[in-house]
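Presented below is the structure to which this report refers.
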Amino acid sequence: MPDIILETDRLTKEFKGFTAVSQVDLQVQRGHIHALIGPNGAGKTTCFNLLTKFLTPSSGRILFNGRDITGARPAQIARMGIIRSFQISAVFPHLTVLQNVRIGLQRALGTSYHFWRSERSLRQLDERAMALLEEVDLGSFAHTITADLPYGRKRALEIATTLGMEPELMLLDEPTQGMGHEDVHRVTALIKKVSSGRTILMVEHNMSVVAGICDRISVLQRGAVLAEGSYAEVSSNPQVMEAYMGAAAASLDKPH
């Protein structure tokens with residue numbers, strides 16, 4: 001039997017008669033990179049918001065490591081080890097890259113708002129912060145002011161801050177959105193690198209990224225799971241092709 005870290009059972013969210021997520025059964029296997037894909041309006045972000053408890057389900061259940069977390073609050077979810085990248089990406093533009101990661105580590109220590117602590121007392125975190133920066137290839141940018149980083153490097157900094165929370169399950173929402181070709185390749189390689197020993201669930205529009213690194217893919221359409229499987233399986237599914245239509249469907253066949 002596969003080792004399932006996250007599972008949803010008929011997860012549903014309705015907004016005044018409109019069903020945004022409809023009886024979604026999702027199983028994320030431990031150690032996998034699992035993607036949620038689908039056309040605009042398919043319910044991907046709503047599903048993410050349900051999983052991290054920014055929205056409350058209308059019905060259905062969410063299980064993490066076999067434990068029912070449907071009624072848990074966002075802070076409880078984070079302490080359990082489910083970390084959504086933007087939730088804790090403490091990217092302060094006028095601090096250095098190292099200082100940003102150090103603030104993320106303070107949160108893990110429960111001293112996140114002790115900004116008055118002396119510089120000396122915070123240096124104990126520098127070794128761990130530098131190790132995280134090296135993991136995301138930002139070691140040489142440690143003393144760079146964050147505002148001066150290229151966009152793709154800022155996203156790498158967000159991932160480093162996320163890793164500082166020691167997530168058991170990382171949720172990445174459109175990690176390559178708005179990036180140029182070179183940054184997409186760099187961040188894709190980075191996600192693959194940091195996935196070692198971790199589980200990642202990601203929403204991603206770029207089919208090249210999905211094809212290159214994802215172990216399993218769930219396709220949503222109108223809030224429901226349309227298809228699930230490997231990239232080869234979902235990309236050859238006629239229903240998926242029809243759902244994407246036109247150029248978007250063609251890109252399923254031809255990862256760039």
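Considering only residues of segment 126-162 that are among the acidic types (Asp, Glu) and within 17 Å of residue 95 (Cβ to Cβ), which is surrounded by the fewest Cβ atoms within 10 Å (Cβ to Cβ)?
Of everything passing the filter in segment 126-162, 148 is surrounded by the fewest Cβ atoms within 10 Å (Cβ to Cβ).
Assigned to a loop (DSSP other than H, G, I, E, B) and surrounded by fewer than 20 Cβ atoms within 10 Å (Cβ to Cβ), is that true of residue 212?
When the stated conditions are applied, residue 212 does not pass them.
Considering only segment 177-195, I want to know if a residue exists there that is modelled with pLDDT under 90 and closer than 26 Å to residue 13 by Cβ.
yes
Restricting to segment 161-182, give me the number of residues that are over 28 Å from residue 66 (Cα atoms) and part of a helix (DSSP H, G or I).
Going through segment 161-182 one residue at a time, the tally reaches 2.
With the requirement that a residue be in contact with a Lys or Arg (Cβ under 6 Å, 6 or more places away or on another chain) and on the phi < 0 side of the Ramachandran plot, what does segment 1-26 give you?
3, 5, 9, 20, 21
From the list 26, 36, 55, 50, which residue is surrounded by 18 or more Cβ atoms within 10 Å (Cβ to Cβ) and either over 16 Å from residue 200 (Cα atoms) or touching a Phe, Trp or Tyr at 6+ places or on another chain (Cβ under 7 Å) (or both)?
Every option except 50 fails the conditions.
Applying the selection to segment 55-72, what residues are farther than 20 Å from residue 199 by Cβ and among the hydrophobic types (A, V, I, L, M, F, W, C)?
Scanning segment 55-72 gives a single hit, 55.
All but one of (1) touching a Pro at 6+ places or on another chain (Cβ under 9 Å); (2) at pLDDT 95 or above; (3) closer than 21 Å to residue 63 by Cα hold for residue 145; which doesn't?
Condition not satisfied by residue 145: (3).
Take segment 20-45 and flag every residue that is at pLDDT below 95 and among the polar types (S, T, N, Q).
Of everything in segment 20-45, those that are at pLDDT below 95 and among the polar types (S, T, N, Q) turn out to be 40, 45.
Please specify each residue of segment 104-138 satisfying the condition of being in a loop (DSSP other than H, G, I, E, B) and either modelled with pLDDT of 65 or more or within 19 Å of the chain's Cα centre (by Cα) (or both).
Passing the criteria: 136, 137, 138.
If you go through segment 215-225 one residue at a time, do you hit one that is part of a helix (DSSP H, G or I), within 22 Å of residue 42 (Cα to Cα) and of a type in the set (A, V, I, L, M, F, W, C)?
No, every residue in segment 215-225 fails to be part of a helix (DSSP H, G or I), within 22 Å of residue 42 (Cα to Cα) and of a type in the set (A, V, I, L, M, F, W, C).
Return the only residue of 135, 174 being in contact (Cβ under 8 Å) with a residue 40 or more places away in the chain, within 20 Å of residue 84 (Cα to Cα) and of a type in the set (Asp, Glu).
Going through 135, 174 in turn, the sole match is 135.
The values are calculated or read from the model by the stated rules, or taken from the named source; none is laboratory data. Fair warning: this is a prediction, and the values are worked out from it, not measured in the lab. Here the Cβ is made from the backbone with ideal geometry for all residues, glycine too, and neighbour counts use every protein chain on show.
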